[in-house]
Amino acid sequence: MKRVPEPELMTETEQARAYAQADFSEPHSRYVELFLQTFPDRPRRASVLDLGCGPGDVTRRFARACPHYRFLGVDGSPAMLRLARRLTAREPDLHQRIRYRLGRLPQARIPRGPYDIIVATSFLHHLPDPMVLWHAIRKYGRPGTLVLVADLRRPRSPAHARQLVQRYAAGEPRVLQRDFYRSLLAAFTPSEVRQQLRAAQLHTLTVRVISDRHLLVTGRLPD
């Protein structure tokens with residue numbers, strides 16, 4: 001099945017609210033667990049750049065698991081960032097360690113860092129040009145920066161995509177079911193992501209399938 005791109009930004013308030021209220025605890029918690037397992041020698045203190053942070057659920061989960069890390073979450077949707085700031089403010093410790101910035105790659109004005117860790121979850125499939133993400137990771141990282149990119153992977157057919165929506169989002173609002181289906185069609189396959197990494201000369205990053213709908217890219221930036 002060919003990729004069908006979707007709108008890059010979730011700018012509707014209804015979309016942002018539905019996404020923030022949905023139960024993504026299983027995949028989002030697993031991203032954090034996989035990070036901890038993949039990088040047992042990670043630094044005790046670190047600066048983390050979260051690209052495409054949305055309402056900040058993954059950012060906050062990382063911050064709870066890594067109490068000595070400071071985070072900058074970047075997203076192009078004002079609606080998403082309003083929710084991210086509101087939810088983060090409820091936890092004083094996180095509010096001290098997480099900042100959010102409005103910006104759309106590649107034009108986003110992000111403090112240069114370099115960052116010790118760069119994370120991007122459920123972001124790659126939103127981009128018309130996936131190389132925007134990989135170039136940003138190179139720009140804001142340094143040799144040895146830890147990278148974790150988790151995203152959907154494109155199913156074999158629209159019918160398979162509809163099955164996944166029924167399996168994982170049947171009880172969610174209609175807007176979320178619609179967006180999940182569109183996101184599955186817009187996602188990349190593992191082989192496509194490997195081609196992107198070769199084009200970006202990110203040979204130290206590896207791709208693996210972690211579920212029936214997700215893939216994971218991890219590694220350290222090369223010299």
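The values are calculated or read from the model by the stated rules, or taken from the named source; none is laboratory data. Predicted, not measured: the structure shown is a model, and the values here were computed from it. For neighbour counting, all protein chains shown are included, and Cβ atoms are generated from backbone atoms with ideal geometry for every residue, glycine included. Protein only, heavy atoms only, side chains kept; ligands, DNA and RNA dropped before computing areas. Shrake-Rupley method; radii C 1.70, N 1.55, O 1.52, S 1.80 Å.
Worth pointing out:
- Segment 22-42, residues that are part of a loop (DSSP other than H, G, I, E, B) and aromatic (Phe, Trp, Tyr): PHE24, PHE39
- Residues (within 17 Å of ALA186 (Cα to Cα) and either open to solvent by 50 Å² or more (accessible area, probe 1.4 Å) or modelled with pLDDT under 95 (or both)) located in segment 128-157: PRO128, ASP129, ARG153, ARG156
- Among the residues of this structure, THR88 counts as one that is in contact (Cβ under 8 Å) with a residue 24 or more places away in the chain, over 15 Å from ALA120 (Cα atoms), of a type in the set (Val, Ile, Thr) and touching a helix residue (DSSP H, G or I) at 6+ places or on another chain (Cβ under 8 Å).
- Filtered by the rule that a residue be outside any strand (DSSP E or B), among the charged types (D, E, K, R) and in contact (Cβ under 8 Å) with a residue 60 or more places away in the chain, segment 193-223 gives ARG213, ASP223.
- The set of residues in segment 43-65 being touching a strand residue (DSSP E or B) at 6+ places or on another chain (Cβ under 6 Å) and either open to solvent by 50 Å² or more (accessible area, probe 1.4 Å) or in a strand (DSSP E or B) (or both) consists of ALA46, SER47, VAL48, LEU49, ASP50, LEU51.
- Note on segment 66-101: among residues that are of a type in the set (Ser, Thr, Tyr) and under 11 Å from GLY56 (Cα atoms), the one that is most open to solvent (accessible area, probe 1.4 Å) is TYR100.
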